[in-house]
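Just below is one structure, and these are the notes that go with it.
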Amino acid sequence: MEAYNEYGRKTNDESYRFISSPDNDKIRRVNKLSRKKYRDKKGEFVIEGINLVRAALSKSQHIKLVLISDDFDYGDIADELAEGVEYRNIYLIPRYLFDKISDAENGSGIIAVVDKSSYRLDTIDSLESIGTNNILVLDRLQDPGNIGTMIRTAVATGYSIIATIKGTADVFSPKVLRASAGMIFGISVVELDDVEELKALVTLLDKKIVVTDPREGCPYYECNLEKDIALIIGNEGNGISDEIMECSDVRVTIPMQGEVESLNAAICASILMYEAIRAAEG
């Protein structure tokens, strides 16, 4: 009879089970999760690297599978894995196989499958479950680096929700997750189909819709962006949709000098989100 210690590890064998075949269902599962359609269908996504795995564990995310390259020194995270993941869901795999399923240029050595924790408008069970601070709304943004940076900044400035409108790149894609540096686990994600659902969300949370308008907006530091706002950041090339502009409550601009006509979307978002902290400390 096999015996286990308090962490769920075998007391007579401290090593994890080994997978060697590329046709193993767990390897195929990770490969399939590289596609958004499959992530949405299964309600799970992949994270890679010790920092992202540690961030997920620290936020008590449900990790369903861990694959570790056989040449990776996992000693630094072994105790955290033992406490946060069932032993039977952790496997070693050969480096060549790990590199085949890795999305990173230089495979990090550890991959995990995590439950996708996001909300649809009709699945929000309480305001407390998603938070009631400011909301960042992404209107069809495409660049993973921009989106990841905005997620990090939103967490840093006390925003409680990231809402994505249909057409926005998947916040659970590997590139966005890496750019967010694990902060995706520190904020609620609400997925919206259209502007009507955006209106319903801001009504539910009693927020004002704030948009950027370089022609008719007032300087952002003259507006109250401290609380109760839904800040809209538009597509990198086309900006905020006309439909959202028409239903906005506040229009702001970021004054610029010289020949600069616009700023990167992530920079604009960061300036406006940090205004909440500046105003609060006022």
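The trypsin sites (Lys or Arg not before Pro) of the range 176-234 that DSSP puts in a loop, and whose beta carbon has at most 12 other beta carbons within 10 Å, are ARG215. Cross-link reach is defined here as a Cα-Cα straight distance under 26 Å, omitting same-chain residues fewer than 8 places apart; for LYS166 the lysines meeting it are LYS32, LYS36, LYS37, LYS41, LYS42, LYS116, LYS175, LYS199, LYS207, LYS208, LYS227. At R0 = 45 Å, how high is the FRET efficiency between ASN106 and ASP193 if r is their beta carbon distance? Nearest 0.05 is fine. The pair ASN106/ASP193 has a calculated efficiency of 0.75.
The ranking of GLU226, GLU191, GLU281 from fewest to most other beta carbons within 10 Å of each one's beta carbon is GLU281, GLU226, GLU191.
Just so you know, all these numbers are worked out from the coordinates, no wet-lab data involved. All values derive from a computational prediction rather than experimental measurement. As a convention, Cβ positions derive from the backbone with ideal geometry for all residues, glycine included, and neighbour counts pool all protein chains shown.
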